[in-house]
Ligand SMILES: [Zn+2]
């Protein structure tokens, strides 16, 4: 199995595809989804929570970096 669902372990299927740009070239993105719509809802939630957590960590790191720079600038 190449791409199992993180929740139920079923093989994920192709969902929507869209075109996007990567630098100068056009790429086609394919989002894979769980064949079980209810499970996919859970997966979406898990991914959103993970992203929110990640964004928060990035912000905390950035703020710490800025605080350090301010401290250095003041000394
Ligand atoms: Zn699933």
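Each reported figure results from applying straightforward, stated rules to the coordinates on display, with no laboratory input. In this text, all values refer to a predicted model and were calculated from it rather than measured experimentally. Because the Cβ atoms are built from the backbone with ideal geometry, glycine has one as well, and the counts that use them run over all protein chains shown.
Couple of notes before you dig in:
- Only one entry in 24, 64 is more than 16 Å from the ligand (Cβ to nearest atom) and either surrounded by fewer than 10 Cβ atoms within 10 Å (Cβ to Cβ) or in contact (Cβ under 8 Å) with a residue 12 or more places away in the chain (or both), namely 24.
- Of 55, 44, all but one fail to be surrounded by 10 or more Cβ atoms within 10 Å (Cβ to Cβ), within 16 Å of the ligand (Cβ to nearest atom) and either without any contact (Cβ under 8 Å) to a residue 12 or more places away in the chain or outside any strand (DSSP E or B) (or both); the exception is 44.
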